[in-house]
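Notes to accompany the following structure.
We did not get these values from a lab; they are worked out from the coordinates using the rules stated. The shown structure was predicted, so the numbers you read here are calculated from the model rather than taken from an experiment.
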Amino acid sequence: MLNIGNMDRRITIEREAETVKPSGSVVKAWAPLATVWAEVLQPTASEFFTGYGEAETGTVIFRVRYRPAMTTKDRVTYDGQPYDLKEIKELGRRDALELRGEALK
């Protein structure tokens, strides 16, 4: 199910963090959680057309080794482009995760 040899891309998993400035204002910023190896999959033509007009032009699937406590509130940065996580699917018995991300504009 999981072929480690296909994990040839580096991605950064990020989580939004809040910091309080001395003035009392709250600033939100993305902080890196981990930089990991991933397999990057583009959607097939059949997946693209099954949306019936809901074309997901910037959708990419990232396969990574299992990481606990990941949520769809996290995001992935790949090749300088941030991706919102829309779905996280566990593969096997905690063997890997499939992260479906949508490119932010």
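Within a straight-line Cα-Cα reach of under 19 Å, Lys105 can be paired with the following lysines, leaving aside sequence neighbours fewer than 8 residues apart in one chain: Lys28, Lys73, Lys86.
Residues whose amide H lies under 5 Å from that of Leu33, counting only those 5 or more places away or on a different chain, are Ile13, Glu14, Arg15; hydrogens are built 1.01 Å from N in the peptide plane. In this structure the amide hydrogen of Tyr66, modeled in the peptide plane, comes within under 5 Å of the amide hydrogens of Ala96, Leu97, none closer than 5 places in sequence on its chain.
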